[in-house]
1. Looking for something touching a residue at least 24 places away in the same chain (Cβ under 8 Å), under 30 Å from residue 195 (Cα atoms) and crowded, with 19+ Cβ neighbours inside 10 Å - is there at least one such residue anywhere in segment 97-104?
2. Checking residue 224 against (1) free of Cβ contacts under 8 Å to residues at least 40 places away in the same chain; (2) surrounded by fewer than 22 Cβ atoms within 10 Å (Cβ to Cβ); (3) outside any helix (DSSP H, G or I), which single condition isn't satisfied?
3. Of the numbered conditions (1) buried (at least 19 other Cβ atoms within 10 Å of the Cβ); (2) not in a helix (DSSP H, G or I), residue 151 satisfies every one except a single condition; which is it?
4. Give segment 14-40 a look and list any residue that's closer than 16 Å to residue 131 by Cβ, touching a strand residue (DSSP E or B) at 6+ places or on another chain (Cβ under 6 Å) and surrounded by fewer than 24 Cβ atoms within 10 Å (Cβ to Cβ), or say none.
5. Considering only residues that are out of contact with any helix residue (DSSP H, G or I) (no Cβ under 9 Å at 6 or more places or on another chain) and under 18 Å from residue 266 (Cα atoms), look in segment 185-202 and name the one that is surrounded by the fewest Cβ atoms within 10 Å (Cβ to Cβ).
6. Can you tell me which residue among 206, 149, 244 is over 30 Å from residue 121 (Cα atoms) and in contact (Cβ under 8 Å) with a residue 24 or more places away in the chain?
7. State yes or no: is residue 49 within 24 Å of residue 264 (Cβ to Cβ) and without any contact (Cβ under 8 Å) to a residue 24 or more places away in the chain?
8. Restricting to segment 182-209, name every residue that is in contact with a strand residue (DSSP E or B) (Cβ under 7 Å, 6 or more places away or on another chain) and within 20 Å of residue 35 (Cβ to Cβ).
């Protein structure tokens, strides 16, 4: 029995709907998945309804935060209460801020001589709120870059010409909010961090898990982070970070999974236990 605890849908920057994600998970024989869309919980209900008794769907979220030194840090929340009012208020603020941020990104791309409009991007989304990943898809379509990864590297990543700052939100704040919402906070893809010295302060804030297994981690990194988690009294977690076909990095559901015992140990730390 295995689980994939990091998945995205069309409700954020994935290319599979929540229903499609669940069907794929059942098809390949997963026992549990977590829907962890960026800044929204809107796909969770449909996923749970589709799964019925064939699959455990864990309600989740992924927050993009910035450490005090400005580095981007992603925090997953597992087993959150998706109806928790404070959580939904914060998510609404983030969605409204994302709209303003995306306009700035498009303006900066135009300033770089790139012909791209909001209408171009909206063809890739099922609601009016889109992400940098959707902008990257348009840049690939227009043959400005060859891959979405190149789009981020050249234009959209932190420090690149079209990058626009998001609202300040510390990882410690995300951890505390997830815990108030009854969830289990997990540091996502630590192998992408430049500075792991932030981890002790995250543990102090209430961090519970570390994403040991992830599509961006090498085997060497996975082994390192398993030991790192033990040394910092963190529970191991993991998942594919699948964004669906033609999604970010072309990683598929179930390619990076964890033993069901890891999932059960994490669940014991939630308020739902």
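1. Yes: one or more hits.
2. Result: residue 224 passes all but (3).
3. Answer for residue 151: the failing condition is (2).
4. 38, the sole residue that qualifies.
5. Checking each candidate, the answer is 189.
6. Details: 149 fails: over 30 Å from residue 121 (Cα atoms); 244 fails: over 30 Å from residue 121 (Cα atoms).
Being over 30 Å from residue 121 (Cα atoms) and in contact (Cβ under 8 Å) with a residue 24 or more places away in the chain holds for just one of 206, 149, 244, which is 206.
7. When the stated conditions are applied, residue 49 passes them.
8. Within segment 182-209, 183, 184, 185, 186, 187, 188, 189, 208, 209 qualify.
Taken together, the values in this text are just the output of simple stated rules run on the coordinates, not laboratory data. Small disclaimer: the values here were computed from a predicted structure and weren't measured. Cβ coordinates were reconstructed from backbone atoms using ideal geometry, including for glycine residues, and neighbour counts include every protein chain displayed.
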